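Below you'll find the structure, written out as structure tokens, and then a few comments.
The values are calculated or read from the model by the stated rules, or taken from the named source; none is laboratory data. The model shown is predicted, which means the values in this text are computed figures rather than measured ones. Here Cβ is always computed from backbone atoms with ideal geometry, including for glycine, and neighbour counts include all displayed protein chains.
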Amino acid sequence: MATNSPAAEMQPTLRHLQDETIGLTAPALYLAGAILILTAEQFENPLHAGLPAIVLLLLPLAIGQLRRISYLGAAWALVLGCVGAILALAVWQQEPALLCLLALPAGLAALFAGRAGGLLTVAAGSLLLFALPGAPILREVALVELWGTVGLIWLTLRPLLTTLQWSWSSYERSRTLLEQARDYQVQLKQSLADLAEANLQLTRLNRLTQALRQAAEEARRAKEEFVANVSHELRTPLNMV
């Protein structure tokens, strides 16, 4: 029977931790949405801030519902919602510098959607940076932030995942040793019970042997007494003769 690798066995635990962590993004989303609403008057068109704010404020509710159905669905809703809000702000305000914020959803994708999801988001973000107008220096800075954020997250996650895998392997090893110890304990109890039974049987045999020896001794004495009596009875008439 094939056994799963430690990485495959700890995957449900890792996914559970990711699912709990994705819920912690709600306060940041609410804060970002509130800031946009409070600063909407500073925009030429308040709707340019209001609509992204609504997206950010509704995003935690959508994520909460999707988590009940599909974790990956919730993760991608978080990433795409943030990307949409950032793109809307950058395009409507005609402010290419806001595209540097794409590093945030790319980092979220690396955290919650895995390496493939992070790489896909970085590649898509890079294409957007080249497709949208903007100063080359801003594009280069945004690209560095985009790839740098994801790279740093991967470098940070690697030792954490290695430690988690090592801890899981140690736990599995300890559980195996514990099960073996329990099996040995059961075998030891059975051996002790068998030994006690054998000792009881040996004690009974010793008692039986002693009883047989005593009976044989009594029979020998009775025989000697009988022989002595017969000899005495036979000698008495002979002496009279």
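Do we find that residue 193 is out of contact with any helix residue (DSSP H, G or I) (no Cβ under 9 Å at 6 or more places or on another chain) and of a type in the set (Gly, Ala, Ser) in this structure?
Yes; evaluated as a whole, the condition is true for this residue.
Determine whether residue 122 is modelled with pLDDT of 85 or more, surrounded by 13 or more Cβ atoms within 10 Å (Cβ to Cβ) and closer than 18 Å to residue 84 by Cα.
Answer is yes for this residue.
When you go through 63, 69, 86, 54 one by one, which is the residue that is within 16 Å of residue 150 (Cβ to Cβ) and not small (Gly, Ala, Ser)?
Of 63, 69, 86, 54, the one residue that is within 16 Å of residue 150 (Cβ to Cβ) and not small (Gly, Ala, Ser) is 86.
If I filter the stretch 94-101 for residues that are in a helix (DSSP H, G or I) and free of Cβ contacts under 8 Å to residues at least 40 places away in the same chain, do I get at least one hit?
Scanning the stretch 94-101, I find at least one residue that is in a helix (DSSP H, G or I) and free of Cβ contacts under 8 Å to residues at least 40 places away in the same chain, so the answer is yes.
Please tell me if residue 7 is in a helix (DSSP H, G or I) and either more than 22 Å from residue 171 (Cα to Cα) or at pLDDT 80 or above (or both).
Against the criterion (in a helix (DSSP H, G or I) and either more than 22 Å from residue 171 (Cα to Cα) or at pLDDT 80 or above (or both)), residue 7 does not qualify.
So residue 69 clears everything in (1) among the hydrophobic types (A, V, I, L, M, F, W, C); (2) at pLDDT 90 or above; (3) outside any loop (DSSP other than H, G, I, E, B); (4) surrounded by fewer than 20 Cβ atoms within 10 Å (Cβ to Cβ) except one condition, right? Which one?
(3)
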